[in-house]
1. Filtering the range 118-144 down to residues that are farther than 25 Å from residue 168 by Cβ and either out of contact with any strand residue (DSSP E or B) (no Cβ under 6 Å at 6 or more places or on another chain) or not assigned by TED's automatic domain parsing to the domain that holds residue 29 (or both), which residue is surrounded by the most Cβ atoms within 10 Å (Cβ to Cβ)?
2. If you go through the range 156-179 one residue at a time, do you hit one that is crowded, with 19+ Cβ neighbours inside 10 Å and more than 17 Å from the chain's Cα centre (by Cα)?
3. In this structure, is residue 240 in contact with a strand residue (DSSP E or B) (Cβ under 6 Å, 6 or more places away or on another chain) and without any contact (Cβ under 8 Å) to a residue 40 or more places away in the chain?
4. So residue 30 ticks every box in (1) crowded, with 20+ Cβ neighbours inside 10 Å; (2) in contact with a strand residue (DSSP E or B) (Cβ under 7 Å, 6 or more places away or on another chain); (3) within 16 Å of residue 137 (Cβ to Cβ) but one. Which box is left unticked?
5. Within the range 1-72, which strands (runs of 3 or more DSSP E) (wholly inside it) include 3 or more residues that are closer than 20 Å to residue 127 by Cβ?
6. Restricting attention to the range 141-150, does a residue exist that is under 16 Å from residue 10 (Cα atoms), part of a loop (DSSP other than H, G, I, E, B) and more than 19 Å from the chain's Cα centre (by Cα)?
7. Would you tally the residues in the range 180-211 being under 12 Å from residue 281 (Cβ atoms), crowded, with 21+ Cβ neighbours inside 10 Å and touching a residue at least 40 places away in the same chain (Cβ under 8 Å)?
8. Name the one entry in 75, 107 that is assigned by TED's automatic domain parsing to the domain that holds residue 122, modelled with pLDDT of 95 or more and in a helix (DSSP H, G or I).
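The values are calculated or read from the model by the stated rules, or taken from the named source; none is laboratory data. Not measured: the values here are computed from a predicted model. With ideal geometry, Cβ positions are generated from the backbone for all residues, glycine too; neighbour counts draw on all protein chains shown.
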(Lines give C-alpha, C1' and ligand atoms only; values in the text may rest on other atoms or scores of the structure.)
Protein backbone atom coordinates (compact mmCIF):
# COMPACT_ATOMS: atom_id res chain seq x y z
CA UNK A 1 0.00 0.00 0.00
CA UNK A 2 1.31 3.42 -1.00
CA UNK A 3 0.84 6.25 1.50
CA UNK A 4 1.46 9.76 0.25
CA UNK A 5 1.10 13.27 1.64
CA UNK A 6 1.80 14.87 -1.74
CA UNK A 7 -1.08 15.92 -4.01
CA UNK A 8 0.94 15.77 -7.22
CA UNK A 9 2.21 12.27 -6.41
CA UNK A 10 -1.35 11.12 -5.67
CA UNK A 11 -2.62 12.49 -8.95
CA UNK A 12 0.25 11.04 -10.98
CA UNK A 13 -0.25 7.60 -9.40
CA UNK A 14 -4.00 7.71 -10.10
CA UNK A 15 -3.53 8.79 -13.71
CA UNK A 16 -0.86 6.16 -14.34
CA UNK A 17 -2.74 3.25 -12.77
CA UNK A 18 -6.12 4.50 -13.99
CA UNK A 19 -4.98 4.36 -17.60
CA UNK A 20 -5.34 0.56 -17.51
CA UNK A 21 -7.31 -0.20 -14.34
CA UNK A 22 -10.60 1.05 -12.88
CA UNK A 23 -10.09 3.02 -9.67
CA UNK A 24 -12.65 3.67 -6.94
CA UNK A 25 -12.13 6.42 -4.38
CA UNK A 26 -13.37 6.60 -0.77
CA UNK A 27 -12.91 10.04 0.84
CA UNK A 28 -12.82 9.89 4.67
CA UNK A 29 -11.88 12.01 7.66
CA UNK A 30 -10.19 9.05 9.30
CA UNK A 31 -10.97 7.55 12.72
CA UNK A 32 -12.09 4.60 10.66
CA UNK A 33 -14.68 2.10 11.83
CA UNK A 34 -16.58 -0.77 10.23
CA UNK A 35 -18.84 1.69 8.42
CA UNK A 36 -15.87 3.21 6.59
CA UNK A 37 -14.42 -0.21 5.86
CA UNK A 38 -17.74 -1.30 4.35
CA UNK A 39 -17.34 1.59 1.88
CA UNK A 40 -13.88 0.32 1.02
CA UNK A 41 -15.27 -3.18 0.42
CA UNK A 42 -18.04 -1.79 -1.76
CA UNK A 43 -15.44 0.18 -3.72
CA UNK A 44 -13.37 -2.97 -4.19
CA UNK A 45 -16.44 -4.70 -5.70
CA UNK A 46 -16.74 -1.94 -8.26
CA UNK A 47 -13.14 -1.39 -9.32
CA UNK A 48 -9.70 -2.94 -9.74
CA UNK A 49 -8.01 -0.69 -7.18
CA UNK A 50 -9.21 1.41 -4.25
CA UNK A 51 -7.82 4.76 -3.10
CA UNK A 52 -8.76 6.21 0.30
CA UNK A 53 -8.15 9.75 1.51
CA UNK A 54 -7.73 10.49 5.22
CA UNK A 55 -8.14 14.20 5.85
CA UNK A 56 -9.96 16.08 8.60
CA UNK A 57 -11.25 19.03 6.59
CA UNK A 58 -11.12 22.25 8.65
CA UNK A 59 -13.39 24.25 6.33
CA UNK A 60 -16.46 22.16 7.13
CA UNK A 61 -16.23 22.83 10.89
CA UNK A 62 -17.66 25.95 12.53
CA UNK A 63 -15.53 27.65 15.23
CA UNK A 64 -17.81 26.15 17.92
CA UNK A 65 -17.59 22.58 16.57
CA UNK A 66 -15.25 19.71 17.39
CA UNK A 67 -12.35 20.16 14.94
CA UNK A 68 -9.73 20.35 17.71
CA UNK A 69 -10.81 17.12 19.36
CA UNK A 70 -11.77 15.16 16.23
CA UNK A 71 -9.92 11.82 16.56
CA UNK A 72 -6.88 11.25 14.33
CA UNK A 73 -5.60 7.69 14.95
CA UNK A 74 -3.68 7.58 11.69
CA UNK A 75 -1.55 4.51 12.45
CA UNK A 76 -4.63 2.44 13.30
CA UNK A 77 -6.36 3.77 10.18
CA UNK A 78 -3.44 2.80 7.95
CA UNK A 79 -3.29 -0.67 9.48
CA UNK A 80 -6.99 -1.20 8.81
CA UNK A 81 -6.68 0.02 5.21
CA UNK A 82 -3.65 -2.16 4.62
CA UNK A 83 -5.63 -5.17 5.80
CA UNK A 84 -8.43 -4.26 3.36
CA UNK A 85 -6.01 -4.26 0.44
CA UNK A 86 -6.23 -0.55 -0.35
CA UNK A 87 -3.79 0.40 -3.11
CA UNK A 88 -3.10 4.00 -2.09
CA UNK A 89 -3.85 6.32 0.84
CA UNK A 90 -3.75 10.07 0.41
CA UNK A 91 -3.12 11.66 3.82
CA UNK A 92 -2.39 15.34 3.21
CA UNK A 93 -1.79 18.14 5.67
CA UNK A 94 -4.15 21.11 5.89
CA UNK A 95 -1.42 23.20 4.26
CA UNK A 96 -1.37 20.87 1.26
CA UNK A 97 -5.11 21.26 0.64
CA UNK A 98 -5.34 24.91 1.66
CA UNK A 99 -1.99 26.57 0.86
CA UNK A 100 -1.18 30.07 1.96
CA UNK A 101 -3.41 32.57 0.17
CA UNK A 102 -6.15 30.03 -0.60
CA UNK A 103 -9.39 31.88 -1.36
CA UNK A 104 -11.45 29.82 -3.84
CA UNK A 105 -14.55 28.02 -2.53
CA UNK A 106 -17.38 26.07 -4.14
CA UNK A 107 -20.94 27.36 -3.71
CA UNK A 108 -23.02 24.30 -2.73
CA UNK A 109 -26.15 23.25 -4.65
CA UNK A 110 -29.74 23.93 -3.61
CA UNK A 111 -30.12 20.65 -1.75
CA UNK A 112 -27.52 21.91 0.76
CA UNK A 113 -29.85 24.69 1.97
CA UNK A 114 -32.23 22.90 4.42
CA UNK A 115 -31.47 20.86 7.56
CA UNK A 116 -27.69 20.91 8.16
CA UNK A 117 -27.48 23.87 5.79
CA UNK A 118 -29.41 25.84 8.42
CA UNK A 119 -27.95 24.23 11.55
CA UNK A 120 -24.35 24.30 10.30
CA UNK A 121 -23.96 27.38 8.07
CA UNK A 122 -20.92 27.10 5.83
CA UNK A 123 -20.57 23.36 6.38
CA UNK A 124 -21.49 22.27 2.87
CA UNK A 125 -19.40 25.05 1.34
CA UNK A 126 -16.44 23.36 3.02
CA UNK A 127 -17.60 19.90 1.99
CA UNK A 128 -18.05 20.83 -1.67
CA UNK A 129 -14.71 22.62 -1.80
CA UNK A 130 -12.70 19.77 -0.34
CA UNK A 131 -14.51 17.05 -2.29
CA UNK A 132 -13.97 18.86 -5.59
CA UNK A 133 -10.29 19.30 -4.73
CA UNK A 134 -9.99 15.62 -3.82
CA UNK A 135 -11.65 14.62 -7.08
CA UNK A 136 -9.05 16.71 -8.91
CA UNK A 137 -6.19 15.12 -6.98
CA UNK A 138 -7.57 11.57 -7.24
CA UNK A 139 -9.30 11.44 -10.67
CA UNK A 140 -10.95 8.06 -10.10
CA UNK A 141 -13.82 6.52 -12.07
CA UNK A 142 -16.04 5.99 -9.01
CA UNK A 143 -16.39 7.55 -5.56
CA UNK A 144 -18.22 5.82 -2.71
CA UNK A 145 -20.02 7.69 0.07
CA UNK A 146 -22.18 6.49 2.94
CA UNK A 147 -25.94 6.85 3.30
CA UNK A 148 -25.58 7.85 6.96
CA UNK A 149 -24.52 11.30 5.75
CA UNK A 150 -27.61 11.42 3.55
CA UNK A 151 -27.71 15.14 2.85
CA UNK A 152 -23.99 15.17 2.11
CA UNK A 153 -24.45 12.38 -0.43
CA UNK A 154 -27.17 14.37 -2.22
CA UNK A 155 -24.99 17.49 -2.15
CA UNK A 156 -22.04 15.65 -3.71
CA UNK A 157 -24.22 14.02 -6.37
CA UNK A 158 -25.72 17.41 -7.30
CA UNK A 159 -22.30 19.06 -7.45
CA UNK A 160 -20.94 16.31 -9.71
CA UNK A 161 -23.96 16.66 -12.00
CA UNK A 162 -23.93 20.47 -12.09
CA UNK A 163 -20.18 20.81 -12.67
CA UNK A 164 -19.87 17.92 -15.16
CA UNK A 165 -17.32 16.10 -13.04
CA UNK A 166 -16.45 12.78 -14.75
CA UNK A 167 -16.94 10.49 -11.76
CA UNK A 168 -19.77 8.13 -10.77
CA UNK A 169 -21.11 8.53 -7.22
CA UNK A 170 -22.17 5.38 -5.38
CA UNK A 171 -24.05 5.56 -2.07
CA UNK A 172 -23.56 2.59 0.25
CA UNK A 173 -25.96 1.59 3.01
CA UNK A 174 -25.49 2.69 6.62
CA UNK A 175 -23.70 0.16 8.82
CA UNK A 176 -25.10 -0.25 12.33
CA UNK A 177 -24.03 -1.74 15.62
CA UNK A 178 -25.93 -4.87 16.67
CA UNK A 179 -28.27 -2.72 18.79
CA UNK A 180 -29.09 -0.40 15.87
CA UNK A 181 -26.86 2.61 16.53
CA UNK A 182 -25.43 3.96 13.28
CA UNK A 183 -21.65 3.67 13.26
CA UNK A 184 -19.92 7.04 13.53
CA UNK A 185 -16.47 8.29 14.44
CA UNK A 186 -18.18 10.57 16.95
CA UNK A 187 -19.64 7.62 18.86
CA UNK A 188 -16.31 7.36 20.66
CA UNK A 189 -17.09 10.67 22.38
CA UNK A 190 -20.04 9.06 24.20
CA UNK A 191 -19.85 7.79 27.76
CA UNK A 192 -21.47 4.44 28.49
CA UNK A 193 -24.63 6.18 29.72
CA UNK A 194 -24.71 8.49 26.71
CA UNK A 195 -24.14 5.54 24.38
CA UNK A 196 -27.27 3.88 25.80
CA UNK A 197 -29.27 7.07 25.39
CA UNK A 198 -28.12 7.46 21.78
CA UNK A 199 -30.20 4.43 20.81
CA UNK A 200 -33.28 6.64 20.79
CA UNK A 201 -32.15 8.01 17.40
CA UNK A 202 -32.42 4.62 15.71
CA UNK A 203 -35.61 3.91 17.68
CA UNK A 204 -37.16 7.10 16.31
CA UNK A 205 -36.34 6.05 12.76
CA UNK A 206 -37.62 2.54 13.37
CA UNK A 207 -40.89 4.12 14.54
CA UNK A 208 -41.02 6.17 11.33
CA UNK A 209 -40.48 2.99 9.31
CA UNK A 210 -43.19 1.09 11.21
CA UNK A 211 -45.66 3.96 10.85
CA UNK A 212 -45.03 4.22 7.12
CA UNK A 213 -45.25 0.45 6.58
CA UNK A 214 -48.53 0.43 8.51
CA UNK A 215 -50.01 2.85 5.98
CA UNK A 216 -49.42 6.21 7.63
CA UNK A 217 -48.78 8.92 5.03
CA UNK A 218 -49.18 12.04 7.17
CA UNK A 219 -45.77 13.61 7.66
CA UNK A 220 -46.93 15.39 10.81
CA UNK A 221 -48.02 12.09 12.36
CA UNK A 222 -44.74 10.34 11.53
CA UNK A 223 -42.65 13.26 12.79
CA UNK A 224 -44.65 13.29 16.03
CA UNK A 225 -43.91 9.59 16.48
CA UNK A 226 -40.21 10.24 15.91
CA UNK A 227 -40.13 13.03 18.51
CA UNK A 228 -41.93 10.80 20.99
CA UNK A 229 -39.16 8.21 20.70
CA UNK A 230 -36.43 10.84 21.09
CA UNK A 231 -37.81 11.77 24.55
CA UNK A 232 -36.08 15.15 24.70
CA UNK A 233 -34.60 15.86 28.10
CA UNK A 234 -35.64 12.54 29.63
CA UNK A 235 -33.28 10.01 31.23
CA UNK A 236 -33.29 7.72 28.18
CA UNK A 237 -33.61 10.43 25.55
CA UNK A 238 -31.57 13.12 23.85
CA UNK A 239 -30.57 16.48 25.31
CA UNK A 240 -31.76 18.43 22.28
CA UNK A 241 -33.01 17.90 18.72
CA UNK A 242 -31.75 19.83 15.71
CA UNK A 243 -34.37 18.20 13.49
CA UNK A 244 -36.55 15.11 13.20
CA UNK A 245 -38.26 15.39 9.84
CA UNK A 246 -39.63 13.58 6.84
CA UNK A 247 -38.51 15.16 3.57
CA UNK A 248 -38.45 14.50 -0.15
CA UNK A 249 -35.73 11.95 -0.82
CA UNK A 250 -34.19 13.93 -3.68
CA UNK A 251 -34.66 17.63 -2.87
CA UNK A 252 -35.01 17.38 0.96
CA UNK A 253 -37.95 19.76 0.71
CA UNK A 254 -40.48 19.38 3.52
CA UNK A 255 -43.58 17.31 2.77
CA UNK A 256 -47.11 17.26 4.11
CA UNK A 257 -48.04 13.89 2.68
CA UNK A 258 -45.62 11.19 1.56
CA UNK A 259 -45.65 10.51 -2.17
CA UNK A 260 -43.13 8.65 -4.30
CA UNK A 261 -39.92 9.57 -2.49
CA UNK A 262 -39.37 10.23 1.21
CA UNK A 263 -36.66 9.94 3.83
CA UNK A 264 -36.83 10.36 7.60
CA UNK A 265 -33.84 12.21 9.06
CA UNK A 266 -32.81 13.03 12.60
CA UNK A 267 -30.03 15.09 14.14
CA UNK A 268 -29.77 15.33 17.91
CA UNK A 269 -27.31 15.95 20.71
CA UNK A 270 -26.35 13.58 23.48
CA UNK A 271 -24.33 15.62 25.95
CA UNK A 272 -21.91 17.57 23.77
CA UNK A 273 -21.99 15.06 20.90
CA UNK A 274 -24.09 15.64 17.79
CA UNK A 275 -25.31 12.51 16.00
CA UNK A 276 -27.23 12.10 12.75
CA UNK A 277 -29.13 9.21 11.20
CA UNK A 278 -31.78 8.50 8.57
CA UNK A 279 -33.96 5.86 6.98
CA UNK A 280 -35.33 5.84 3.44
CA UNK A 281 -39.09 5.33 3.60
CA UNK A 282 -39.81 5.01 -0.11
CA UNK A 283 -38.40 5.78 -3.53
CA UNK A 284 -35.03 5.46 -5.17
CA UNK A 285 -33.42 8.19 -3.06
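1. 120
2. Looking for residues that are crowded, with 19+ Cβ neighbours inside 10 Å and more than 17 Å from the chain's Cα centre (by Cα), one finds none in the range 156-179, hence no.
3. yes
4. The failed condition is (3).
5. Passing ranges, in order: 23-28, 49-54.
6. yes
7. Qualifying residue count, the range 180-211: 2.
8. 75
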